[in-house]
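Enquirer: Encoded as structure tokens, here's the structure I'll be asking about.
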Amino acid sequence: HDLSDDSDYARHVSRSISDSGKSTTSVVYSKENVAIHPTQYASERISGRLRLFKQGSSLFLSWIPYKGQGSSSVPLEKDRYLYTIKSLPLADVHSIRRHTPALGWQYTIVVLSSGLAYPPFYFYNGGVREFLATLKHHVFIVRSADDANVFLVNNFRDPLQRTLSSLELPGVVSIANRTSHKPRISMSSLDDPERVNGATYDGTSSTSEYSGQPKKSHDPARDISIQVLEKFSLVTKFARETTSHLFCDSDGLNAYEKKQQNNYSSVHTSSSDEKEKTSDMSPVASDPLEFEELRLIWGKQRMHPLSFEEWTSFFDSEGRITDSKALRERIFYGGVEDDIRKKVWKFLLGYHEYDSTDAEREYLASVKKSEYQVIKTQWKSISAAQAKRFTKFRERKGLIDKDVVRTDRSIAYYEGDDNPNVTILRDILLTYSFYNFDLGYCQGMSDLLSPILYVMEDESESFWCFVALMERLGPNFNRDQSGMHSQLFALSKLVEILDSPLHNYFKQADCLNYFFCFRWILIQFKREFEYDQIMHLWEVLWTHHLSEHLHLYMCVAILKRHRKKIMGEQMDFDTLLKFINELSGHIDLDWTIREAEALCTCAGENGAACIPPGTPPSLPIEMGLYDD
């Protein structure tokens with residue numbers, strides 16, 4: 001259906017509300033009984049009012065749940081807090097998909113320019129056509145030729161100056177082309193999606209003189225476009241499953257779903273017999289990508305690691321980082337390349353201040369190296385006779401000696417007998433036990449130090465970076481376990497608001513202490529991933545881009561991914577602990593980070609309120625960790 005047929009609709013539904021003549025809010029579209037389904041079950045339905053309204057020249061979308069509307073699995077007040085959209089600027093919207101199933105109600109999916117996606121909005125009283133027509137009247141909107149149900153939204157004042165060519169989404173035809181003197185985007189070849197009629201969008205030849213194929217380059221905008229199409233596919237799958245629960249027969253499938261079952265066999269669950277067989281054969285293998293519950297948004301697609309060229313672009317002429325927030329965000333979404341990791345980690349951990357100059361950092365390194373040697377001498381100078389009378393020193397040294405020979409010995413950097421790096425690892429830990437004598441040494445600290453020494457390849461710098469890390473994670477090793485208890489308590493609250501059925505199951509199974517996640521939190525998933533993966537994960541966590549406690553949302557993400565197995569097999573604490581430990585090496589890191597990002601964004605302030613103040617890891621105080 002051509003949206004131009006409905007171009008006059010908005011004029012008939014618009015109404016204005018003036019406020020003292022100074023500012024005007026105009027509601028241009030309002031629809032009752034627009035619902036979302038937090039899960040794929042029909043009973044999990046929250047209805048509300050969807051509106052489009054203008055404030056000045058900007059268009060906004062809002063969806064407010066009705067009072068008294070709550071899902072069966074989440075308390076009402078938490079539903080209303082999590083599932084409320086007060087004012088979403090249409091300038092932040094990238095795409096909208098319209099879907100009209102053969103059986104069921106129409107729904108739309110909204111994807112933001114950042115790549116995040118909202119859940120489907122079900123129009124139980126109709127109105128999708130009018131909704132899109134209203135959008136066309138107020139913002140620039142184009143249709144994808146690859147999928148006639150996908151519309152791209154851009155809130156440009158002069159759309160002809162910035163067309164969808166900047167998105168480089170293949171197969172898009174702009175409605176505005178009718179009035180343009182020169183078409184900005186034309187139909188692209190199915191065999192060559194990067195080429196438009198043999199030329200790039202700026203009019204230059206795109207053919208390589210060597211291969212005869214288009215030159216390919218990394219384009220973040222195109223990556224987002226591809227990601228959006230993938231998101232539409234995933235959300236549509238969830239919506240289709242929701243519809244099947246709304247119209248099902250005694251066999252659990254409606255006629256339409258039975259007809260389409262073969263087409264979607266790869267994403268539908270198998271028979272119960274097959275499930276049992278698979279469970280017996282591979283109890284810890286990663287689950288297929290299933291969406292048992294619909295999240296409000298999906299995490300952004302991961303990027304390529306930060307390169308040396310990008311890294312240097314963040315510095316001014318004197319060596320100061322000009323935009324630490326942008327740098328940390330860039331690292332959050334891509335990590336860093338190996339050759340610059342040593343330099344980057346010093347900033348992430350707080351060894352260097354972001355606004356320090358090259359000269360200041362060079363001076364700091366010499367000062368801290370001397371200071372390290374002074375502290376190290378304190379225990380190196382202890383004689384054998386003195387050690388006999390120093391019980392605490394003997395105990396700590398004995399524990400460290402035992403731990404370092406068992407730490408990451410499969411890594412080439414630490415393998416072999418009489419490895420000098422193992423000796424350095426021991427010396428740093430002993431020195432730290434004197435630097436922070438109250439805390440001393442506890443098992444697990446060697447796991448945290450090992451990657452730092454591997455990256456830094458310098459004893460003094462490794463020590464001070466470890467000191468900075470322990471300022472954040474030191475409470476994990478308190479004798480009273482206060483740091484761990486506060487994080488496990490926060491994890492319990494996060495699961496309660498983000499997956500209440502799973503939380504209720506843990507409550508019934510007497511597992512609310514969440515001790516089965518103890519190892520994850522204590523050493524930051526160190527033993528759950530490969531060595532190179534853990535370095536990538538830690539630098540993502542150290543950015544503190546979305547939250548200081550993203551690791552807790554990672555715990556929630558992993559538990560949610562395996563909730564069907566956990567609840568279906570009625571795991572008790574011992575079985576659950578064994579299952580969690582056996583997940584080591586079977587967790588998809590990129591998926592988990594993206595899921596944690598989505599959960600963190602979804603929980604918002606409500607999630608942050610679940611985490612008591614002072615819960616580890618805390619940021620260094622004003623980066624003043626090394627001040628005299």
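The values are calculated or read from the model by the stated rules, or taken from the named source; none is laboratory data. Since we're looking at a predicted model, the values are computed, not measured. No Cβ is skipped: glycine too gets one built from the backbone with ideal geometry, and neighbour counts run over all protein chains shown. Surface accessibility is based on the protein's heavy atoms, side chains included, excluding ligands, DNA and RNA. Shrake-Rupley method; radii C 1.70, N 1.55, O 1.52, S 1.80 Å.
Enquirer: Using only Cα positions of region 480-619, each an equal point scatterer, no hydration layer, compute I(q)/I(0) via Debye at q = 0.10, 0.15, 0.16, 0.21 Å⁻¹ and quote the log10 values to two decimals.
Expert: For the requested q values the scattering log ratios are -0.29, -0.70, -0.80, -1.48.
Enquirer: Continuing with this model, one more query. So what is Rg over Rh here for region 357-479, counting just Cα atoms and using Kirkwood for Rh?
Expert: With Rh from the inverse mean 1/r over Cα pairs, Rg/Rh is 0.97.
Enquirer: Please name which of Phe518, Pro613, Leu589 has its Cα lying farthest along the dipole of region 480-619 towards the positive end, using unit charges on Cβ (Lys, Arg +1; Asp, Glu -1) and the Cα centre as origin.
Expert: Highest projection toward the positive end goes to Phe518.
Enquirer: How much accessible surface does Tyr122 have with a 1.4 Å probe, in Å² rounded to 10?
Expert: About 10 Å², rounded to the nearest 10.
Enquirer: While we're here: If DNA, RNA and ligands are ignored and the probe is 1.4 Å, what is the ranking of Lys380, Lys526 by accessible area, most exposed first?
Expert: Lys380, Lys526
Enquirer: Once the whole set of protein chains is in place, how much accessible area is left on His352, using a 1.4 Å probe, in Å² to the nearest 10?
Expert: Counting only protein heavy atoms, the figure is 20 Å².
Enquirer: Amide H neighbours of Thr25 under 5 Å, at least 5 residues apart or on other chains, H built in the peptide plane: list them.
Expert: Ile17, Asp19
Enquirer: Can you give the accessible area of Asp572, probe radius 1.4 Å, in Å² rounded to 10?
Expert: Approximately 80 Å² of Asp572 is accessible to the 1.4 Å probe.
Enquirer: Where the only charges are on Cβ atoms (+1 Lys, Arg; -1 Asp, Glu), what is the dipole of region 357-479 about its Cα centre, to the nearest 20 debye?
Expert: With Lys and Arg at +1 and Asp and Glu at -1, about 860 debye.
Enquirer: Quote the charge dipole size of region 480-619 about the Cα centre in Debye, to the nearest 20; the model charges only the Cβ of Lys and Arg (+1) and of Asp and Glu (-1).
Expert: 240
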